[in-house]
Amino acid sequence: MTQREVRRLNLTVDDDCELLIRPLFLYRVERRRDRDNAMASLKAALDGIAEALGVDDSRFIVGPVRFSTGVAVGFVELEVECVRRPASGLQMK
């Protein structure tokens, strides 16, 4: 999704929200995969998402990398969810 598409859809991220991102890599062929390299391959995509949403990527919490097979053409699906930050400071009674 491009920054233009994000603007057109009027997508916004609340200030008290961190973004949980769950990557799912779908491959044509089943074989052993390296999770660290899979995560590293997402660097540019995550930077683009941060820029399109107008947020700093330090607000991203990347969930476990998952793999699946059986598709005609490989691709990566990113599920993005807002996770509310806990209230800052301690509350004493």
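The values are calculated or read from the model by the stated rules, or taken from the named source; none is laboratory data. Every value quoted in this text rests on a predicted model; they were computed, and no experiment measured them. Cβ: placed from backbone, ideal geometry, glycine included. Neighbour counts: every protein chain shown. The protein model used for the area step is the full one, side chains on, heavy atoms only, and it has no ligands, DNA or RNA in it. Shrake-Rupley method; radii C 1.70, N 1.55, O 1.52, S 1.80 Å.
Below is a table of values for the structure above.
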{"read-out": "Within the accessible area of the chain (1.4 Å probe), percent carbon and sulfur", "value": "50"}
{"read-out": "Helix 43-53 axis, angle to the chain major axis (alpha carbon atoms, nearest 10°)", "value": "40"}
{"read-out": "Mean accessible surface per residue for the chain, computed with a 1.4 Å probe while every protein chain stays in place, in Å²", "value": "77"}
{"read-out": "Dipole moment magnitude, nearest 20 debye, the range 5-93 about Cα centre, only Lys, Arg, Asp, Glu C-beta charged", "value": "380"}
{"read-out": "Leading residue at positive end of dipole, the chain (Cβ point charges), from Val62, Val73, Val29", "value": "Val29"}
